[in-house]
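These notes are about the structure you will find just below.
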Amino acid sequence: ANGILKKNAAVATSTRMLNIVSRPSDLVGNTPLIDLTQLLEKHGVDASDGTRLVGKLESLGPCSSVKDRLGRSLIDEAEKEGIITPGKTVLVEPTSGNTGIALAFIARERGYRCILTMPESMSLERRIMLMSLGAEVVLTPKETAVPGALAKAKEIIEELDGDGYMLQQFENPANPKVHRETTGPEIWRDTDGQIDIFVSGCGTGGTVTGVSQYIKGSEEHGCAPLKPEMKVVAVEPMEQMLITEAKGGEKIGPQGPHRIQGMGPGLVPKVLDLDIIDEVIGIHSDDATEMSHELWMEGLPVGISSGAIVSAAVEVCKRPESKGKLTVAIIPSFGERYFTHPMFADIKERAEKLEKQPLPEPFDNTDYGFATPRG
């Protein structure tokens with residue numbers, strides 16, 4: 001009998017599925033949802049009627065942003081088509097930072113040289129991450145935003161004489177494809193199909209397009225309509241309302257540079273499905289900063305684009321027509337990447353002014369630079 005038990009135990013052990021991935025890019029996806037309804041209540045929304053706001057924490061990806069999905073998809077599709085070859089092809093891409101980080105970590109994983117062009121206004125943390133992952137970083141004038149970085153990337157491609165390849169995140173159909181195949185199904189599954197409103201930022205346009213096509217339906221892409229009445233809200237900086245303009249809306253206030261990294265790239269992306277968007281909301285950089293700090297005070301470290309998206313989501317949830325509905329907002333990136341961003345200027349200054357304090361007995365504080373044993 002003991003022999004049979006041992007044999008059965010051995011079989012059970014050998015057939016059990018071990019949850020171990022073989023490479024970093026296998027960690028991309030299946031990010032959790034977090035309830036943010038308490039935030040609504042702080043902004044005067046009565047949640048007792050079932051009105052709910054949840055955030056999808058793309059900040060918990062392997063390189064801490066929603067662009068992890070995009071980076072893997074762009075490289076996977078190019079490899080499948082035989083367009084790029086590890087050890088030979090040089091990947092070149094203009095980026096505001098997070099797509100570059102995603103491409104850099106997968107390029108390192110698979111053996112590609114990677115050159116990334118980005119506006120000089122992007123945070124120092126992003127530059128450090130890219131360089132730490134072995135990528136080469138080329139900065140461009142902040143005044144030209146992403147179009148300037150794109151022009152520089154094209155110049156580099158020409159200089160590489162056929163060995164360079166640009167994945168073109170703003171045009172590549174692999175961008176919304178990955179969100180139709182992963183992000184959208186995850187949201188539908190984890191909300192049990194109860195999602196009523198979807199709020200997403202608009203950088204490349206891939207997330208808002210792909211998720212919406214999966215849930216609202218897209219005959220072109222073979223997506224049967226699951227909930228065609230779902231409301232889709234795209235968020236962009238109030239200081240750069242190009243999507244609003246493309247949808248026939250009115251710009252609000254002065255237009256120009258903004259501080260919401262990862263959104264408002266200065267162009268209308270080709271992958272963006274304008275027709276599937278029901279509303280575009282412009283959020284000012286100051287309001288995005290304020291909401292980001294609120295989320296930190298909820299114990300949720302996020303970047304400034306998360307603040308913009310959640311600010312827009314709260315605005316939507318305040319409306320009478322949102323009563324009793326479930327809103328899902330994308331949380332695109334982790335906050336530690338933004339400590340040199342202006343949103344942390346005050347905290348950074350206070351942190352730098354902190355001074356050491358004397359220790360209690362039996363320590364002699366003269367040993368540590370204090371005037372007396374007790375400080």
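I want to confirm something. Restricting to the range 319-351 and keeping residues that are under 25 Å from the mean Cα position of the chain (by Cα) and in a loop (DSSP other than H, G, I, E, B), which single residue is nearest to GLY205 (Cα to Cα)?
The selected residue is PRO332.
Tell me which of these GLU155 doesn't satisfy, since it passes every other one: (1) at pLDDT 95 or above; (2) of a type outside the set (Gly, Ala, Ser); (3) within 18 Å of the chain's Cα centre (by Cα).
Failing condition for GLU155: (3).
Quick check, is ALA234 out of contact with any Asp or Glu (no Cβ under 9 Å at 6 or more places or on another chain) and hydrophobic (A, V, I, L, M, F, W, C)?
It is false that ALA234 is out of contact with any Asp or Glu (no Cβ under 9 Å at 6 or more places or on another chain) and hydrophobic (A, V, I, L, M, F, W, C).
Restricting the search to the range 145-167, which residues are without any contact (Cβ under 8 Å) to a residue 60 or more places away in the chain and open to solvent by 30 Å² or more (accessible area, probe 1.4 Å)?
LEU150, ALA151, LYS152, LYS154, GLU155, GLU158, GLU159, ASP161, GLY162
Could you list, in sequence order, the residues of the range 17-32 that are open to solvent by 50 Å² or more (accessible area, probe 1.4 Å) and in contact (Cβ under 8 Å) with a residue 24 or more places away in the chain?
ARG23, PRO24, LEU27, ASN30, PRO32
Condition check ((1) among the aromatic types (Phe, Trp, Tyr); (2) in a helix (DSSP H, G or I); (3) under 15 Å from the mean Cα position of the chain (by Cα)) across all residues:
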site	(1), (2), (3)
LEU39	no, yes, no
LYS56	no, no, yes
ASP68	no, yes, yes
ILE83	no, no, no
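Yes or no, residue by residue, for (1) within 17 Å of VAL146 (Cβ to Cβ); (2) open to solvent by less than 10 Å² (accessible area, probe 1.4 Å); (3) modelled with pLDDT of 95 or more:
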site	(1), (2), (3)
LYS247	no, no, yes
GLY262	yes, no, no
ASP273	no, no, yes
ILE276	no, no, yes
GLU279	no, no, yes
ILE330	no, yes, yes
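Any idea which of ILE252, ILE197 is open to solvent by 60 Å² or more (accessible area, probe 1.4 Å) and of a type in the set (Val, Ile, Thr)?
ILE252
Within the range 352-373, identify whether any single residue is outside any helix (DSSP H, G or I), without any contact (Cβ under 8 Å) to a residue 60 or more places away in the chain and of a type in the set (Ser, Thr, Tyr), and answer yes or no.
The answer is yes, given that some residue of the range 352-373 is outside any helix (DSSP H, G or I), without any contact (Cβ under 8 Å) to a residue 60 or more places away in the chain and of a type in the set (Ser, Thr, Tyr).
Tell me which residues, restricted to the range 33-54, are touching a residue at least 60 places away in the same chain (Cβ under 8 Å), among the hydrophobic types (A, V, I, L, M, F, W, C) and within 20 Å of LYS231 (Cβ to Cβ).
LEU33, LEU36, LEU39, LEU40, VAL45, LEU53, VAL54, listed by residue number.
Restricting the search to the range 85-111, which residues are more than 26 Å from LEU267 (Cα to Cα) and either within 14 Å of the chain's Cα centre (by Cα) or of a type in the set (D, E, K, R) (or both)?
LYS88, ARG108, GLU109, ARG110
From the list SER322, SER311, SER305, SER292, exactly one residue is closer than 27 Å to GLU93 by Cα and either open to solvent by less than 50 Å² (accessible area, probe 1.4 Å) or in contact with a helix residue (DSSP H, G or I) (Cβ under 7 Å, 6 or more places away or on another chain) (or both). Which is it? Talk me through it step by step, then tell me what you get.
Numbers: SER322 fails: closer than 27 Å to GLU93 by Cα; SER311 fails: closer than 27 Å to GLU93 by Cα; SER292 fails: closer than 27 Å to GLU93 by Cα.
None of the others qualify; the one that does is SER305.
Looking at the structure I just gave you, is GLY206 closer than 21 Å to GLY29 by Cβ, in contact (Cβ under 8 Å) with a residue 40 or more places away in the chain, crowded, with 22+ Cβ neighbours inside 10 Å and not basic (Lys, Arg)?
So GLY206 fits the description; yes.
Only one residue in GLU239, GLU220, GLU229 is assigned to a loop (DSSP other than H, G, I, E, B) and under 21 Å from CYS317 (Cα atoms), so which one is that?
GLU229
Which of the following residues is within 24 Å of GLN240 (Cα to Cα), touching a residue at least 60 places away in the same chain (Cβ under 8 Å) and among the acidic types (Asp, Glu): GLU120, GLU93, GLU77, GLU109?
GLU93
Just to be sure I understand, how many residues within the range 85-106 are of a type in the set (A, V, I, L, M) and either assigned to a helix (DSSP H, G or I) or at pLDDT below 95 (or both)?
5
In the range 91-111, which residue that is open to solvent by 10 Å² or more (accessible area, probe 1.4 Å) and touching a strand residue (DSSP E or B) at 6+ places or on another chain (Cβ under 8 Å) is nearest to SER132 (Cα to Cα)?
Start the filter on the range 91-111 by keeping residues that are open to solvent by 10 Å² or more (accessible area, probe 1.4 Å), which leaves 96, 98, 105, 108-111.
Then keep just the ones that are touching a strand residue (DSSP E or B) at 6+ places or on another chain (Cβ under 8 Å); that gives 96, 98, 108.
Numbers: SER96: 17, ASN98: 14, ARG108: 10 Å.
Filtering the range 91-111 for residues that are open to solvent by 10 Å² or more (accessible area, probe 1.4 Å) and touching a strand residue (DSSP E or B) at 6+ places or on another chain (Cβ under 8 Å), the one nearest to SER132 (Cα to Cα) comes out as ARG108.
The values are calculated or read from the model by the stated rules, or taken from the named source; none is laboratory data. All values reported here derive from a predicted model rather than from experimental measurement. FYI the Cβ positions are ideal-geometry reconstructions off the backbone, even for glycines, and counts take in every protein chain you see. Just so you know, the surface numbers come from the protein's heavy atoms only, side chains and all, with ligands and any DNA or RNA stripped out. Shrake-Rupley method; radii C 1.70, N 1.55, O 1.52, S 1.80 Å.
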